[in-house]
Ligand code: PRX
């Protein structure tokens, strides 16, 4: 960290002001610069002047304080900006992060009594935001929309909270939520939080996951169907199938509260189980629009979010209330330079952590106006995002590199057209520049490293070279941003997440766990705790310790590789474990493998991730990493196109569409060591066609399989 401070200090002497800096011109010229690392993009003077953190000096001052006195720094924010029914005890933070010294424990604001829903809604309403728009909802179909003010949102939240109480949901109970991006999704999260129930939101609900649920829920909240682009997806059918599976594993759901999403499917066409299924619209509106808050301890659980690990079983990441509240609100405010007049849109689904922290909690805690979009970002065509930006005068737009790349691929000038209304409205086809986008002032990126060419397109074309990009590095586990630019504070380098947020001490270690200073690459760890950190893996504290705290004792291990350049900027290089990052979504290779081998004709499977640059043959070029699966078949089964499709379908059904392999590579045999371990290193090289880098294959039990695999690579 001293190293990091030194760099920011030296940056403080850099001049600001885009016009003065020749680097910026080089940036606009695109790939002209030889080295990305020397490639500074400066915030304009105008932007910096109005920014919350206008200079490296200001950042340094706050950062130093946050590291030297974390308790003072965070308790100052917690007590001045949030409502606490009762203040925390003597200790702001109590932690043990060293497995050698006993069980890992992280607690912030323990003994403090609060409620995050109260802080999102009641507190903001009391502060005068009753009539401010809280949510703008935009339907998949252009022209259909809705909105709620803060006080209307509170009423809706209270009605649902009262209904949940009436069916017996109590503090600490788990509620499964499987809803698309309707206003009812944040409403549901806030209603659970209001009564102290623990929400577990899913973006997918395959039976494989439900089988593994540790939290024994009694209630599922879902809707009948959703429209995504031209497709209608029947969510209720998926829930029904998952509940059949979970019943086999002893999880019985008493109530399945189903919202009737009329624009997608009418109730008459929805399959129904009397006694268990209840229409939201039939019951919830009958309940009172006020509901007392359940006051909870700062360390009471707020939500569970299941995420992929490097073994087959998903991990139930548990976040608690107080620290998460303070952390998401503060990171949102500074990383997006939030102002009261902003209109904020994050394209993430609430089923991911991004939607938890930066659709619902972070923005709402700041009293922000949030856009929630139901549909596909390229429907009816690739200009839809900018149509929405202009419609709602969005000022902060936060998305994932995969979307940036796919919109970039579709071009800022394009000819294809998919909708008659759009053809008439926009006779000149120009997906980005046909919209004004002048409301935009800050852009954000999350989920995977953003490659410099996509960064530049986002910056130059979408943001008109005027909006800083907050490339936020963080994880489900971290609760909020960890390494991120603070717009206006310092120059950016396209593709670098820059510097740590307040209170965060990233360290880069070598294989032995020794911290490396200066310009270096290695494993990214974090020293010390921060309020938003997850507290455990639900029902498996042992796995929490083994996965995150044992690999490099004394530190939290992120699972990511990282390098630090000569100016102290951080460059995330991707996962170093068996986790693949596809379009910013984490997928454990083991999960895909176990889905493949559940197919009756598949004997063995080995799955690796391949970088997008090398996969010219598939759509994976916009998805960051692609999934490449080697499969061996049951004796006597011939490989065919039909079998390939059926293998892919198996993965889609069991995990979800985003985990479907981009490439199935039929393998008569897999390269294994004599002890039977699959040599993934070799498979990765074959998958990325780096055949001259196979390395030593003499330790293989049967070196001949490598030639076979290469011969079959493009068949
Ligand atoms: O590998 C990193 C990558 O996404 C992982 C976390 O995934 P998940 O828990 O699903 O959360 C995604 C949204 C926070 C990280 O370990 N990642 C996330 N953001 C970035 C990133 N890699 C590089 N740059 C980022 N900005």
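Observations on the model:
- Meets criteria (buried (at least 24 other Cβ atoms within 10 Å of the Cβ), within 26 Å of residue 126 (Cα to Cα) and in contact with a helix residue (DSSP H, G or I) (Cβ under 9 Å, 6 or more places away or on another chain)) for residue 322: yes
- Candidate set: the stretch 335-362, residues that are over 15 Å from the mean Cα position of the chain (by Cα) and within 16 Å of the ligand (Cβ to nearest atom); chosen: the one farthest from residue 389 (Cα to Cα): 335
- Residues located in the stretch 281-306, provided they are touching a helix residue (DSSP H, G or I) at 6+ places or on another chain (Cβ under 7 Å), surrounded by 20 or more Cβ atoms within 10 Å (Cβ to Cβ) and not in a loop (DSSP other than H, G, I, E, B): 284, 302, 303, 305, 306
- Cross-chain or 6+ apart pairs with Cβ under 6 Å, the stretch 441-459 first and over 16 Å from residue 39 (Cα atoms), then near the ligand (Cβ under 7 Å from one of its atoms) and modelled with pLDDT under 95: 447/584; 448/581; 448/584; 449/572
- Scanning the stretch 260-280 for residues that are touching a strand residue (DSSP E or B) at 6+ places or on another chain (Cβ under 8 Å), within 18 Å of residue 218 (Cβ to Cβ) and either free of Cβ contacts under 8 Å to residues at least 12 places away in the same chain or part of a strand (DSSP E or B) (or both) yields 277, 278.
- Subset tally (residues that are assigned to a helix (DSSP H, G or I) and in contact (Cβ under 8 Å) with a residue 24 or more places away in the chain) for the stretch 675-695: 6
- Filter result (in contact (Cβ under 8 Å) with a residue 12 or more places away in the chain and either assigned to a helix (DSSP H, G or I) or over 28 Å from residue 640 (Cβ atoms) (or both)) within the stretch 705-715: 705, 706, 708, 709, 710, 712
- Tally of residues being modelled with pLDDT of 90 or more, assigned to a loop (DSSP other than H, G, I, E, B) and near the ligand (Cβ under 6 Å from one of its atoms) across the stretch 448-476: 2
- Those residues of the stretch 494-524 which are more than 23 Å from residue 327 (Cβ to Cβ), outside any strand (DSSP E or B) and either more than 16 Å from the ligand (Cβ to nearest atom) or at pLDDT 95 or above (or both), in sequence order: 510, 511, 512, 513, 514, 517, 518, 519
- Test: residue in the stretch 633-652 that is surrounded by 19 or more Cβ atoms within 10 Å (Cβ to Cβ) and within 16 Å of the ligand (Cβ to nearest atom): no
- Residue tally, condition in a helix (DSSP H, G or I), touching a strand residue (DSSP E or B) at 6+ places or on another chain (Cβ under 8 Å) and in contact (Cβ under 8 Å) with a residue 40 or more places away in the chain, over the stretch 119-155: 1
- The listed residues are 534, 552, and the only one of them that is outside any strand (DSSP E or B) and either over 22 Å from the mean Cα position of the chain (by Cα) or surrounded by fewer than 19 Cβ atoms within 10 Å (Cβ to Cβ) (or both) turns out to be 552.
- Selection of the stretch 325-350 for residues being surrounded by fewer than 24 Cβ atoms within 10 Å (Cβ to Cβ) and touching a strand residue (DSSP E or B) at 6+ places or on another chain (Cβ under 7 Å) yields 342, 343, 347.
- Of residues in the stretch 555-591 being in a loop (DSSP other than H, G, I, E, B) and modelled with pLDDT of 85 or more, the one nearest to the ligand (Cβ to nearest atom): 569
- Consider the stretch 376-396 and keep the residues that are in contact with a strand residue (DSSP E or B) (Cβ under 6 Å, 6 or more places away or on another chain) and touching a residue at least 60 places away in the same chain (Cβ under 8 Å). The one that is surrounded by the fewest Cβ atoms within 10 Å (Cβ to Cβ) is 376.
- In the stretch 608-630 there is no residue matching the filter, namely being modelled with pLDDT of 85 or more, surrounded by fewer than 22 Cβ atoms within 10 Å (Cβ to Cβ), under 30 Å from residue 701 (Cβ atoms) and more than 21 Å from the chain's Cα centre (by Cα).
- Taking the listed residues 77, 53, the one that is in a helix (DSSP H, G or I) and either at pLDDT 95 or above or buried (at least 20 other Cβ atoms within 10 Å of the Cβ) (or both) is 77, with no other qualifying.
The values are calculated or read from the model by the stated rules, or taken from the named source; none is laboratory data. The structure displayed is predicted, hence computed values, not measured ones. So basically every Cβ, Gly included, is an ideal-geometry build from the backbone, and we count neighbours across all protein chains shown.
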